[in-house]
1. Could you work out [θ]222 nm for the chain from helices alone, using -39500 (n - 2.57) per DSSP H run of at least four and dividing by all its residues? Round to the nearest 500 deg cm²/dmol.
2. Hey, what do the phi angles of the stretch 75-82 turn into as Karplus ³J(HN,Hα) couplings, whole Hz, using 6.51/-1.76/1.60 and θ = phi - 60°, x for Gly and Pro?
3. Run the quick spin-label model on Leu67 and Thr147: label points 7 Å from Cα toward the beta carbon, then report their separation in nm to one decimal.
4. For the stretch 32-40, take each phi angle, set θ = phi - 60°, evaluate the Karplus expression 6.51 cos²θ - 1.76 cosθ + 1.60, and give the result in whole Hz per residue in order, putting x for glycine and proline.
5. Name the residue, out of Trp31, Trp138, Trp89, whose mean-square fluctuation peaks in a Gaussian network model built on the chain with Cα pairs under 10 Å.
6. When the Karplus curve 6.51 cos²θ - 1.76 cosθ + 1.60 is applied with θ = phi - 60°, which whole-Hz ³J(HN,Hα) does each residue of the stretch 52-64 get, with x for Gly and Pro?
7. What are the residues whose amide H is under 5 Å from the amide H of Ala82, where those residues sit 5 or more places off or on another chain and H is modelled from the backbone?
8. Compute a Gaussian network model of the chain, connecting alpha carbons closer than 10 Å, and tell me which residue from Gly50, Gly129, Gly91 fluctuates the most.
Amino acid sequence: MTSLPVTSPPRAGSRAWLLADTPLTRTQAVWGRRYRIWLGLRKNPLAVTGLFTVLIVLLLSIFAPWLTPYDPGAQDLAHRLAKPSSLHWLGTDELGRDTLSRILYGGRITLGMVIIVVAIVAPLSLLIGCVAGYAGGWVDRLLMRVTD
């Protein structure tokens, strides 16, 4: 097996370089594949909208400690049930807690739960799929019905 040299993409004619039928380098092959995926994704506006929405929520949740002006658990009964204003962009709840801060910090908790669920479910589903594929027959049908 021959190894392709690693080079950086050229500045001029990058589109032609990315869409070349036979890449000359490993870098060209990798970036060409990524560019083709992006072109396919770009044709579906709902997918792009969903991707950007998830990225925005992800970034807001990750950077919540630096973006929120208030502690999400701090109570301020003097400002309870306040309407949205310049102080509290989404208002406050019945205990005077800032709603925006609570939403952003809640996103952090949700992301943590998603990571834990994926870490548990991915190996388990891989094991079930391997057993179903190896055994076949009634075991396959049973496991697929249970997972459905």
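1. Working: 6 runs with 92 residues, N = 148.
Rounded to the nearest 500, the figure is -20500 deg cm²/dmol.
2. These are the phi-based 3J(HN,Hα) values: 9, 9, 5, 5, 10, 6, 6, 6 Hz.
3. For the pair Leu67/Thr147, the computed spacing is 3.5 nm.
4. Using θ = phi - 60°, the values come out as x, 5, 4, 5, 5, 4, 4, 4, x Hz.
5. Trp138
6. Karplus-based 3J(HN,Hα) across the stretch 52-64 equals 5, 5, 5, 5, 5, 4, 4, 5, 4, 5, 5, 9, 4 Hz.
7. Thr92
8. Top of the fluctuation ranking is Gly129.
A short reminder: the numbers here are calculations on the coordinates, not readings from a lab. Bear in mind that the values here come from a model prediction, so they are computed numbers and not experimental data. FYI the Cβ positions are ideal-geometry reconstructions off the backbone, even for glycines, and counts take in every protein chain you see.
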